[in-house]
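The values are calculated or read from the model by the stated rules, or taken from the named source; none is laboratory data. This structure is a prediction, so every number in the text was calculated from the model and none was measured. In this analysis, Cβ positions are derived from the backbone assuming ideal geometry, glycine residues included, and neighbour counts consider all displayed protein chains.
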Amino acid sequence: MDWRDDGTAIILVVDDDDLVLKTLNVLVSSLGYRCLCAADGIEATEILKKTRCDIVLSDLMMPNMDGIELLKYIIRHHSETDVIIATGYSEKASYADVIRAGAIDFIKKPIDQAELEAKLARALRERHMIRKLEALSLCDGLTSLLNRRAFNLRFPREVERASRQNYSLFLAIIDIDNFKEYNDSHGHDEGDNVLISLADTMKICTRDSVDLCFRLGGDEFAVLLPQTTATQATEIVQRILLRFVESNFDGTTLSIGIVSCIRDKSASILEDITVMQKRADQAMYDAKHSGKNCVVCRI
């Protein structure tokens with residue numbers, strides 16, 4: 001569920017009948033939600049481009065773009081938004097038709113306040129549970145950092161966003177030096193403590209709500225550093241290295257490779273991020289071949 005800063009969910013009501021629209025606006029607002037209104041599907045799509053809505057409550061029969069067409073658009077472009085379709089008693093669409101098309105629920109007009117209240121509350125509660133499950137699936141159980149699945153989802157998005165908004169983005173790949181030897185001599189529980197310590201160090205040394213920290217697997221980690229220069233990005237990962245070494249885990253150090261992620265629009269995003277990852281991996285291996293315990297930056 002996409003709660004806003006004040007804890008209020010946003011409901012977009014779409015209906016070509018002005019009186020119905022005004023009535024639903026008052027009704028939804030009285031239930032404690034923030035209500036936005038659109039007179040047809042096309043107007044609704046423009047609102048959705050600017051505002052992330054939790055639920056769209058849409059009439060089925062509308063000119064220009066009807067409720068099913070709007071539903072298909074939302075599924076394709078705004079998967080984080082759920083849709084409830086409203087229909088008049090004389091309209092032929094069935095509950096099964098609407099659910100099969102991708103709506104989460106169906107309500108008959110004229111809309112009963114108690115029924116609408118129950119349906120909105122259930123939809124938001126289910127969305128909240130889904131989001132929690134999604135968050136758990138993207139979290140590394142040991143370190144609480146984002147995991148490789150999260151990296152595979154977020155990296156292309158961050159590259160595209162940086163290109164679109166014209167700011168710099170750097171990717172750092174971090175590998176723990178001599179970790180196997182430490183694990184073999186101290187045991188896996190102590191090895192886990194090293195991984196947890198590095199994760200905590202990464203959280204402390206990176207910028208809150210700006211940088212993204214990941215555990216890719218084993219003793220390999222990554223950081224995405226948006227809106228920073230090469231010098232600033234290098235300073236951030238050097239702080240991670242120095243703070244980790246100060247923890248003195250019996251000879252373990254870090255090898256870090258860092259590269260700029262400049263979008264090559266002649267390639268697909270998948271091809272482009274694959275090249276970026278290979279460059280970052282190579283920079284990390286160059287750090288290892290340089291004697292470990294260092295940062296190699298490739299612009």
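Can you tell me how many residues within segment 180-194 are of a type outside the set (Ser, Thr, Tyr), touching a residue at least 40 places away in the same chain (Cβ under 8 Å) and buried (at least 19 other Cβ atoms within 10 Å of the Cβ)?
1
Considering only helices (runs of 4 or more DSSP H) fully contained in segment 93-203, which possess at least 2 residues that are at pLDDT 90 or above and in contact with a strand residue (DSSP E or B) (Cβ under 8 Å, 6 or more places away or on another chain)? Let's see the steps before the verdict.
Details: elements: 95-101, 113-137, 148-165, 179-186.
In segment 93-203, the matching helices (runs of 4 or more DSSP H) lie at 113-137, 148-165.
Only one of Leu120, Leu124, Leu142 is in contact with a helix residue (DSSP H, G or I) (Cβ under 7 Å, 6 or more places away or on another chain) and touching a residue at least 40 places away in the same chain (Cβ under 8 Å); which?
Leu142
What number of residues within segment 64-82 satisfy the criterion of being within 23 Å of Ala96 (Cα to Cα) and not in a helix (DSSP H, G or I)?
Looking only at that region, the number is 7.
For (1) among the charged types (D, E, K, R); (2) farther than 15 Å from Ala162 by Cα, each residue gets a yes or a no:
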position	(1), (2)
Asp219	yes, yes
Thr229	no, no
Ile236	no, yes
Ile240	no, yes
Val245	no, yes
Thr253	no, yes
Ala267	no, yes
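Taking segment 105-135, which residues are within 22 Å of the chain's Cα centre (by Cα) and either surrounded by 17 or more Cβ atoms within 10 Å (Cβ to Cβ) or among the aromatic types (Phe, Trp, Tyr) (or both)?
Residues satisfying the conditions are Ala123, Leu124, Arg127.
Residues that are over 21 Å from Thr23 (Cβ atoms), buried (at least 18 other Cβ atoms within 10 Å of the Cβ) and among the hydroxyl-bearing types (Ser, Thr, Tyr): does segment 81-91 have at least one? So that I can check it myself, show each step before the final result.
At the first step, the residues of segment 81-91 found to be over 21 Å from Thr23 (Cβ atoms) are 81-82.
In the following step, the residues that additionally are buried (at least 18 other Cβ atoms within 10 Å of the Cβ) were identified as 81-82.
Still in the list and also among the hydroxyl-bearing types (Ser, Thr, Tyr): 81.
Yes, the conditions are met somewhere in segment 81-91.
Do the conditions hold for Arg263, that is, is it in contact with a Ser or Thr (Cβ under 9 Å, 6 or more places away or on another chain), in the same structural domain as Ile174 (by TED's automatic domain parsing) and under 21 Å from Val275 (Cα atoms)?
yes
Which one of Ser144, Ser197 is under 20 Å from the mean Cα position of the chain (by Cα) and small (Gly, Ala, Ser)?
None of the others qualify; the one that does is Ser144.
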